[in-house]
Amino acid sequence: MAVSKARYMARRVGILAVLGFAIAGFVSGQVAGATSTKPSVSHYLVTSGDTLWAIAAHEAPNADQRDYVSRLVDLNQLTSSVLVPGQQLLLPNN
């Protein structure tokens, strides 16, 4: 059973169109992600005497401190409230 030349070409054009749309969607998604200007987190370097509560009060003075400390713990996967000078913490954006 032979496939007509027109049907073969139509099938190829359809496949190429789908492939083209897939590539264009991927590229536009990558560009949109790369052009985001607001970082999702910032960094904080722990100094002697710092506590989670003091960091929360300084970084988010108008926020509920309990929520901010909870987000700090979750974001940094902390298992203790003990901070070590030199430790890097990720800070959530307000």
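Sorted by average packing, counted as other Cβ atoms within 10 angstrom per residue and highest first, what order do 7-13, 44-50 take? Write down the numbers at each step before the final one.
Numbers: 7-13: 10.4, 44-50: 12.4.
Answer by packing, highest mean first, reads 44-50, 7-13.
Test of understanding: what is the full-extension gain from ALA54 to SER4, defined as 0.36 nm times their sequence separation minus their Cα-Cα distance?
Working: separation 50, 0.36 × 50 = 18.00 nm, distance 7.60 nm.
Full-extension gain reported as 10.4 nm.
Could you derive backbone 3J(HN,Hα) for region 16-25 from the dihedral phi with the Karplus parameters 6.51, -1.76 and 1.60 (θ = phi - 60°), listing whole Hz in sequence and x where the residue is Gly or Pro?
5, 5, 4, 4, x, 5, 5, 5, 4, x
How do LEU89, LEU16 rank when sorted from fewest to most other Cβ atoms within 10 Å of their own Cβ?
Working: LEU89 19, LEU16 10.
With the fewest neighbours first, LEU89, LEU16 line up as LEU16, LEU89.
Readers should treat all values here as calculations from the given coordinates under stated rules, not as data from a laboratory. As the structure is a computational prediction, the values presented were derived from the model and not from experiment. Counting neighbours? That spans all protein chains shown, and the Cβs are built from the backbone with ideal geometry, glycine included.
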